[in-house]
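First up is the structure itself, then whatever we jot down about it.
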């Protein structure tokens, strides 16, 4: 059963506009959420994270929002740049149930057009 | 500070053979996790090692095994290879085991089974 889902396999936006990537989860024991970016032929690179005690975390152009009641998180990239084109994975962990194991979504391919 | 190093980067093996992949974590990191990524799938957790002990295991058959050495380096072994084992195998390291913190990934080993 897929505990973390990214329902959009792909997203295309114009340079300078906002990119919004979404992620849903089902396991209420998850208490830490992360976003990773992955370029082809490279390993995932950590972007930003959020603890379940917060509903927003911001780092430069990247902001992650968490809605615990809806079991939903989103990553906002503003403004989007062509170099942001990559696959974005959301991931979740809940150490009481799974230690530091990360459960990943399927990924969303973001394309930022110049 | 050197990142996570995985060797080899690419491998081609024949069905029925066995393969060993290697991962050197970031210096000072004691937790090493392994993930499998196949086309259209997110990253699937294989197992996690900390202080030479397997601490967590994903839902993979017993053909997949691993170990960790006293210097935190880890190896993953797959025996009796099947075509479906073709994937990108990623190793991630973290400073500690039970902590909500980001994991740092290597570039992965691309395994092709023919």
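Annotations
- For the residues B:15, B:63, B:67, the requirement of being over 28 Å from residue A:50 (Cβ atoms), touching a helix residue (DSSP H, G or I) at 6+ places or on another chain (Cβ under 7 Å) and more than 11 Å from every other protein chain (Cβ to nearest Cβ) singles out B:15.
- Among the residues of this structure, residue A:38 counts as one that is buried (at least 17 other Cβ atoms within 10 Å of the Cβ) and either over 17 Å from residue A:101 (Cα atoms) or out of contact with any strand residue (DSSP E or B) (no Cβ under 7 Å at 6 or more places or on another chain) (or both).
- Total residues in region A:84-106, condition crowded, with 21+ Cβ neighbours inside 10 Å, under 15 Å from the mean Cα position of the chain (by Cα) and modelled with pLDDT under 95: 7
- No other residue among B:41, B:54, B:36 is out of contact with any helix residue (DSSP H, G or I) (no Cβ under 6 Å at 6 or more places or on another chain), under 25 Å from residue A:6 (Cβ atoms) and modelled with pLDDT under 95 apart from B:41.
- Neighbours by Cβ (under 8 Å, 6+ apart or cross-chain): first from region B:91-104, more than 8 Å from chain A (Cβ to nearest Cβ) and within 17 Å of residue B:23 (Cβ to Cβ); second crowded, with 16+ Cβ neighbours inside 10 Å and modelled with pLDDT under 75: B:95/B:101
- Scanning region A:59-83 for residues that are closer than 22 Å to residue A:16 by Cα, away from every other protein chain (no Cβ under 14 Å) and more than 13 Å from the chain's Cα centre (by Cα) yields a total of 8.
- Check on residue A:8, surrounded by fewer than 21 Cβ atoms within 10 Å (Cβ to Cβ), over 13 Å from the mean Cα position of the chain (by Cα) and in contact (Cβ under 8 Å) with a residue 24 or more places away in the chain: no
The values are calculated or read from the model by the stated rules, or taken from the named source; none is laboratory data. The structure presented is a predicted model; accordingly, all values stated were derived computationally and were not measured. Backbone-built Cβ (ideal geometry, glycine too); neighbour counts: all protein chains shown.
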